[in-house]
Structures are given as C-alpha cells and as structure tokens.
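Please read the structure below before turning to the comments.
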Amino acid sequence: MNTDKTRLLICVYLCSSVALLSFSAGCGRYANFTLPEMRGGDTSLVFRFVAEPEPVITREPFNDALNPSVAGRLNLYSVYDGQWHTALATSADGVHWRKEGIVLRAAAGNYIAANGSAVSYAGQVWYWYETGAKDRVRISLARSADARAWRAEPAPVLDAGPAGSWDERAVADPYVIRIEPYFYMYYLGQDRAARQRLGVARSGDGIYWEKLRANPVVEMDEEEAGIGEPAVWQSDGFYWMLYTVRDFAENRYLRLARSTDGVRWTKLAVRYKGTEAWNSKVICDPTVVVDGGRILVWFGGGDVASPDENLHGQIGFATLAR
C-alpha cells in the first residue's frame with residue numbers, strides 16, 4: 001500500500017476515534033446523587049388546592065399564556081402566536097400583574113424559546129428554557145440583570161440522552177431549584193416510543209449538568225397518556241412535587257408526590273383539577289414559591305383539551321392549604 005495513503009487512513013481513523021470519544025463524553029455526564037436528606041414529616045398531610053376563581057394573567061393578545069415561572073416580583077411566562085415566546089409580567093403582590101411583553105423570542109424557523117424556570121441567583125435572573133424545533137427540543141440558559149435584556153449561552157445546556165435512553169428524543173419542562181452548592185433541575189424526558197417520564201440533573205454552575213444515573217425518578221401510571229412540568233419545593237419535612245398529567249382525551253390535571261431525598265418519590269392519590277369555566281379542561285404548568293408559612297402556586301389553565309397549544313391558556317393563582 002502507498003505509504004502516504006496509509007498515513008492518511010490512520011490519521012482519519014484516529015481523528016474519527018477522538019471525535020467519537022468527545023461525543024460520548026459529552027453525552028455521558030452521569031452521576032449517582034441525591035438531594036440533601038429531609039427528616040420527613042407527617043405522612044398523612046395532603047394539601048388542599050385553593051385557587052382564585054379568575055385568571056391573574058389573561059392570554060390577550062396571544063392565543064395562549066401558560067407556563068408561569070415566578071422569581072420575586074417577576075413572572076416569566078410563555079405566550080403562543082404560532083411560536084412560543086417568553087413574556088414578562090411584574091407584580092407587587094403576586095396576584096395583580098402588569099404585562100411587559102415578549103422578552104425572549106423564538107428564532108425564525110424554530111418552535112419555542114419558552115416554557116422555562118427562573119431563579120434569582122448572584123445578582124441575576126437565571127432562566128433555563130426550551131429551545132429548538134418542535135421535534136428537537138432542548139434546554140438552554142439565558143441570564144439577565146433586569147429580566148428584559150438577556151445573554152444566552154451559545155448552545156443548549158441540557159441535551160437529549162444517547163440512543164436507547166429514556167430521554168433520547170427530547171428533554172423539556174425544566175424546573176430548577178438551588179440548594180448549595182448545586183442547582184438541581186427536574187425535567188421531562190421522552191423516548192422513541194413517545195413515553196414521558198421525569199428525571200433530575202445537578203450542576204455546580206448552572207451550565208454543565210450531570211444527569212442522575214438512575215433516572216427517571218417518576219414514571220407514568222397506566223391510565224396516564226403523559227406526564228411533565230414538575231415543580232419541586234421544600235416544606236413540612238419533605239420535598240414535594242406538583243406535576244402535570246395528560247389523560248387519553250388530552251385533559252390535564254396536577255398530581256402531588258413527596259420525597260425525603262429528591263430522588264425516590266411517593267405519589268399521592270390526590271388530583272387537582274380545574275373547577276372554573278376557563279380551566280375546565282386543563283390545569284398544568286405549576287410554579288411554587290414558599291412564602292413564610294404559605295405555599296403559593298401559579299399555574300396554567302385552559303378550556304380546550306389540546307396537547308400543546310391553542311387551549312385558550314391563561315394563568316391562575318392558588319395556595320396549598322394544610
């Protein structure tokens with residue numbers, strides 16, 4: 001064989017091997033971990049969902065207003081006009097909101113730049129949110145000093161898993177909490193059979209994440225067509241999770257689970273469903289803030305049973321009563 005040709009083939013092989021190893025390393029950030037242990041509280045506790053009768057953020061002028069994420073006086077929520085964008089509203093009391101318009105817009109040809117999770121940290125608003133085309137959704141990060149002008153990371157910070165994994169087709173619905181020294185992200189994963197389950201990842205800096213090796217942490221039940229949109233908080237001796245369930249008619253409601261380590265979850269029998277005309281078919285997208293002894297919840301609702309958009313989505317407010 002020609003010596004120069006042999007050297008070229010060896011070079012191509014080695015470069016391909018390095019590239020493959022690099023790709024595998026990028027997909028292979030996994031770890032075994034739990035969140036800091038909680039002591040556990042009253043296992044008979046089940047919260048009552050006490051909602052305001054009217055939405056606190058209406059959908060006009062958009063088709064939908066959903067996916068609230070509240071950080072202090074700021075609410076980064078999702079609006080749909082053929083694409084999903086992130087809009088901003090501000091409030092002094094969490095009930096009366098002033099809309100300020102779109103602050104993060106989906107790129108041309110993309111489906112979404114929305115459905116995110118906001119955390120105030122180190123003097124900035126950190127916002128993890130969905131980006132990409134409808135069939136290839138990933139989780140990105142942007143940061144802002146005022147929630148109006150944003151600086152986005154150049155690439156998604158959480159990508160789908162390798163072939164055959166539980167989240168190989170999509171990662172979505174991020175919900176991030178900070179417990180020093182880590183950020184923890186709960187998120188939806190979807191596999192090639194379109195099964196939806198919930199997992200968790202952690203990060204020291206909010207950019208480089210390692211997924212729990214034992215994911216997923218919450219599975220669907222047989223009567224559920226899909227699950228997603230987790231919201232996690234600490235109170236009453238437990239970690240708690242509200243998450244959305246889709247039934248086979250595309251109606252949606254919220255379920256409740258609890259855990260002492262943030263990884264092993266016990267589902268409770270309670271279901272929270274809409275009781276007003278505007279949220280009669282859908283109640284979804286919770287975000288939770290613990291304010292002293294009160295547990296505050298903002299959520300999406302709609303009167304059309306739709307799997308993704310055009311459900312007349314609006315945003316409501318509730319408390320979880322003991």
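Worth a mention:
- Restricting Pro174, Pro162 to those that are in contact with a helix residue (DSSP H, G or I) (Cβ under 7 Å, 6 or more places away or on another chain) and not charged (D, E, K, R) reduces the list to Pro162.
- Qualifying residue in segment 157-167 (condition: within 24 Å of Val288 (Cα to Cα) and assigned to a strand (DSSP E or B)): yes
- Of all residues in segment 275-320, those being loosely packed, with under 14 Cβ neighbours inside 10 Å and outside any strand (DSSP E or B) number 7.
- Some residue of segment 44-62 being in a loop (DSSP other than H, G, I, E, B), basic (Lys, Arg) and at pLDDT 95 or above: yes
- Of all residues in segment 192-202, those that are in contact with a strand residue (DSSP E or B) (Cβ under 9 Å, 6 or more places away or on another chain) and surrounded by fewer than 19 Cβ atoms within 10 Å (Cβ to Cβ) total 2.
- Meeting the requirement of 3 or more residues that are within 16 Å of Arg246 (Cβ to Cβ) and touching a residue at least 24 places away in the same chain (Cβ under 8 Å), the strands (runs of 3 or more DSSP E) wholly within segment 180-219 are 196-203.
- Within segment 128-150, being basic (Lys, Arg) and under 17 Å from Ser117 (Cβ atoms) holds for Arg138, Arg143.
- Among the criteria (1) closer than 12 Å to Leu66 by Cβ; (2) touching a residue at least 12 places away in the same chain (Cβ under 8 Å); (3) of a type outside the set (Phe, Trp, Tyr), the one Asp308 does not fulfil is (2).
- Boolean, Arg138 is part of a strand (DSSP E or B) and of a type outside the set (A, V, I, L, M, F, W, C): yes
- Positions within segment 228-274 being crowded, with 18+ Cβ neighbours inside 10 Å, outside any strand (DSSP E or B) and touching a Pro at 6+ places or on another chain (Cβ under 9 Å), in sequence order: Gly262
- Some residue of segment 71-80 being in a strand (DSSP E or B) and among the charged types (D, E, K, R): no
- Every listed requirement among (1) in contact with a strand residue (DSSP E or B) (Cβ under 7 Å, 6 or more places away or on another chain); (2) under 30 Å from Pro53 (Cβ atoms) is met by Lys211 save one, (2).
The values are calculated or read from the model by the stated rules, or taken from the named source; none is laboratory data. What you see is a predicted model; the values in this text were computed from it and never measured. All Cβ positions, glycine included, derive from the backbone under ideal geometry; neighbour counts span all protein chains shown.
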